[in-house]
1. What does the charge dipole of the range C:197-323 about its Cα centre add up to, to the nearest 20 debye, if the Cβ of each Lys and Arg holds +1 and the Cβ of each Asp and Glu holds -1?
2. Can you pull the percent of Cα pairs in chain B with separation above 38 Å?
3. More than 21 Å apart: what percent of Cα pairs in the range B:381-501 qualify?
4. B:Ala387 to A:Ile102: FRET efficiency via 1/(1 + (r/R0)^6), r the Cβ-Cβ distance, R0 35 Å, to the nearest 0.05?
5. Given bins 20 angstrom wide, list per bin the percent of all Cα-Cα distances in the protein assembly as shown, short to long.
6. 5 Å is the cut-off here: which amide hydrogens, built 1.01 Å from N in the peptide plane, fall below it relative to B:Gly524, excluding neighbours closer than 5 in sequence?
7. In whole Å, how far is the Cα centre of the range B:206-228 from that of the range B:510-542?
8. How large is ³J(HN,Hα), in whole Hz, for each residue of the range B:466-476 in order, when computed from phi with the Karplus curve 6.51 cos²θ - 1.76 cosθ + 1.60 and θ = phi - 60°, using x for Gly and Pro?
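Each reported figure results from applying straightforward, stated rules to the coordinates on display, with no laboratory input. Computed from a prediction, not measured in an experiment: that's the story for all the values here. Every residue, glycine among them, receives a Cβ derived from its backbone with ideal geometry; neighbour counts consider all protein chains shown.
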Amino acid sequence: MSVPLISAAETTPNVAASQRLVGALRNLLRAILGNRKATAGVLILLILAFVAAFPGLIAHDNPQAAIYGVNLGSSSRHLLGTTTVGQDVFSQLIWGTRLTVIIVVVVSAIATFISMIIGVTAAYVGGFTDRWLSLLTDVFLILPTLPLLIVLASYLPSGAMSMIIVLCITCWAFQARQLRSQGMSLRSRDFLLAARIRGERTSYIILAEIVPNMTSLLVASFLGLAVFVVGFAAGLQFLGLGNSSQMTWGTMLYYAESNGALESGNIWWILAPGFAVALMGAGFALVNYAFDEIGNPALRPVRKRRARTPA
Amino acid sequence: MRGRRVLTLIVAFCALAAAGGQATIATSAAGNTEKVGGKLVIANETGATWTCQFNPFNSALNFASMGFVYEPLEFVDILETKSNGTSPVTPWLATGSTWSNNDTTLTFTIRSGVKWSDGKPFTANDVVYTFDAMKANATLDVDALWSVHGGALTNVALQGANQVVFTFSGPVEPYFYYVADQTPIIPQHIWASLDQSNLISYSDPNPVGTGPYLVKSCSLDNIKYLRNSHYWQSKPGHPVPQIEELDYPAFLSSTPCNLELIQGQAQWGGQPLPNIKTSYVAKDPAFRHYWFPPVEDVSIFPNLANPLLSKLAVRQAISLAISRPDIAKRGESGYEPPANQTGVVLPTFKKWYEPSLNTVTYDPSKADQILEAAGFKKGSNGIYQDAQGQQLSFTIITVSGFADWDSSLQVITQELKAVGIQITAEDENSGPYVTALESGSFQLAYAGGGGPYPVDGPSPYYELRGLLFSGNIGSTDYSRYSSPSTDALFNAYGAATPAQQVTIMHQIEKVMVDDIPFIPVTEGVSWFEYENQHIGGWPTAANPYAQPAVYNLPDDGIILTHLYPIS
Amino acid sequence: MRYIVRRLGLFLVTLWAALTVNFIIPRAIPGNEASAVLATYHGISPAALHALEIEFGVNVHQNVILTYFQYLGNCFTGQFGLTAQRVPVLTEILNKAPWTIGLVGITTILAFLAGTIVGVVSAWWRGGRLDSFLPPLLFIVASFPLFFVGLILIFIFAVFLNWLPLGSNYSMAVAPSLSPSFIGDVLVHAILPGATLTIVTTGLWVYSMRNNMITTISEDYVKMARAKGLSSWRIMLDYAARNAILPNLTGFAMQLGYVLGGSILVEYTFSYPGLGYLFYTSSTDHDLALMQGLFLFYTLAVLVCVLIADFATAVLDPRTREA
């Protein structure tokens, strides 16, 4: 699919790892700044990460404190108004970022990890194992995600932990196919042959040799997954299947919808968390889109009428 | 009363003949031209499309048949209390009833001249058959009349041509409500030919009853009712019912249902409308009204088996720490009045209420004192803990989908935190929620109206007995409270005179305040919106002749016999 | 031939997996069988409730394996049991299916067409005005949650401008019939939910179509066609687009699963009484039989589409037959 940013070392992995890392980071930075979409996306994600880490710096009200006037419109005191119980919407939005971001990041990471293990094992070990793992992947790809999520979520006790579990179960298969085909293309490389001759175990080869060479694809998978996880997590909570006492954007949407916010004119209460979810999704999508362009030069935007270097 | 009278006169077309708080059936309201006509559209969201089944014993479906098609023996208006301490009873399919043998025998005289909607005559045999069918099928006996503690029904028999005698094993005067008001009478000539062991599964698609309406047609989205032109209450010159057609559309969620009301396409609403004054009333203030009479408590139930919650000090602290008016205003948008620790719903049951007993009211500093006196100390995180280091930190379960309860719990959480008690709300789907309530697998629970079992009735006895009588542990006694002296009070109530019953109720209130077996927070209401430009005869706060919600059974049928078209 | 057999094999295995998942999950967590019963029968005494449980056959401790095979057998004979309100599950599903199929079917076709056209055109004229703004915009919108787009549309068109209805599939005032006024009413109510689905899913097709097109355009045979002097349009449509669409077909079927799932959220947001809303209510009511039946329906729908797409690809694209 995409060409890795870091060229796979054909020789033994004893080239100074730190040197490789620095070089890779420099490449990354250049790639990001050179691509408008990447810049926008990374900026969005950085802002969200900052808000998640330091909510107190931005919003000073306690998001749970139901002490203000109910259903107030937006004003300088309450930037986004108040809820039907008298809580400050802006504070809820800011403080809700953390748990939302945590859920998305944790799920995407775990699902990518599972995806990778299964995809690469299938690719490397091949044969029977490959057939069964591919079958497993296909089955999970076909099972419709949101219905499966709803079925699982309605039976497990509500909460962030359950949500993480059910999301991982339903989303791991999304990227497994690509990871498997990447694994297939790496399978015949010399350095792997060298490792096999050395007598290394299969699990070592998979984890310590193949995986580090797939970093760029793993990152791409993580990002691609994150776009969907954001929507699914928010969707589950919006339906009321999350835990309503935990502060996330999704539960804000649930309360706003249940209390008829849109119809009764308290629009920021329902639109603001919706915007936030869309923003996070867009951030990941932009970076993902740009990643594909960076990795596959054929996809890069053709810039006309901007004569850069002479022929 | 006088101020209210003036108010009703101001509202055009809506002068009701209210007199001293007691409503009667026979008088026509002013503005009633005794004409027949018009159409009434109902706005009640049930969350599902219609199944077109009308079995009156199926509590998932009977809101569409009980009252409209099926009727009770006598109607008890739980919203009114006469000066002698009883609720007004209106003869319906029975013309009267008497208790005898120390309240162990109840004899009904059955009305003559009533016809089933298929033309066959209604007789006392139908009444006997109905109750015998309930005996044979526990699934039909929704109020457990044949199996209840301390006074189960032992026999139902015909006496003479038109009397039915109910024999109980103990004095159970309060059970009159369930026998007379809550049981739909079914036609023997139709039901007796069905599989008697499986009556609950009978879908009853074309219900035959004695009621004011017939089911004209039913589709997934709408039930159409047509007036029963042979209804037994009709007299020459006084046709009953007067509204010709009813539409009962199915709504999957509250938004489109609320919209029907707001846009004026429905006239009888059973919805908790958000911002009702601005979204509904303001659109047509002359004719749009709402009234939410309180009928039961919504409470915090501590599991008394929990070692920390078994300490009276902790429960007292919880009750002292919450500001019920604040929770009512924020959590319930002011629609549900604040409750009180005696457990008596006001103003509905003020006859039984003794104000001097209500000594546990909002006082957070006293909560602190009580906890410290009991040996609790605040930890570094601001939460009290006992000598062994056990924190006053609990989970409280509630039902998914009750957004107002979630909101109330947000406020409660905050107020309890201020006195060093921490609670975390957990939403559960209604199935696991009910299981947890019954089996006592919870620490705190938020429950009450909307819970699984009937606790409404014409006095606080019904709710409080359900929640406090030890025989109900495992069903409605969520806290698992058990006290022989309290049990004795309830048992004595069954055999007491109305005046004695008030005294006994005061003693039960004292138990509520002294022992704090549970903590009432707000009062659950009947949701009711109506417009009286085209339809008159509604129950109001000034004339509470029936519970007004379209889902209150059989009160909905009583209301239908009162409504009339305004041209 | 082997290809067809393999794909059929995948079909059967996935079907079996879906049935098994359906069976296992509710039973894996204890105390859930009676939930549906308890949830809907409110206001009755415990004695009546226990009698109901026996009557409905829940909480009867049968051998699990036996129940499993009974369940599988029942599925194949079309017996999906009764809902919590004692209506046959199959009847409920068939009643609601036309609404969802109509909504999802039409919007998917619209989105596919729109997305494909935009993808083909913007790939052909790379870097042009259309290409630099429409695909990225559509792709970003595709990352928006469906319910959010729905809420925005509701806010703009139903609340603020009051041009379109807030929800539901037809208004109470019009009785269901085949008259033009009823059909018109249905269409008006379908505009916003349909627009939500179309707007969001178009981006997905644009993305994949454009990438495929770009890759195809750089192939030799396209260059050859250009060298031969064929008109741009002819090359774009007959040579490039035709080949670029092929990998999309299987993707189309897979994405259908995503769209079906998304239709649940859209139907919930618009209170649109189709299968999606039914699925939502069955999950909150813990209506086991209904939830199982619907989950099976969704899986079957996706499976059938994948199978059709696979066969179509096999017929249209000789390359796959060598696999």
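1. Value, rounded to 20: 740 debye.
2. 31 percent
3. 51 percent
4. 0.45
5. In order of increasing distance, the bins hold 10, 37, 34, 15, 4, 0 percent.
6. Sorted by chain and number, the residues that satisfy this are B:Val295, B:Glu296, B:Asp297, B:Val298, B:Gly449.
7. 29 Å
8. So the J values, rounded to whole Hz, are x, 8, 10, 5, 4, x, 9, 5, x, 10, 9.
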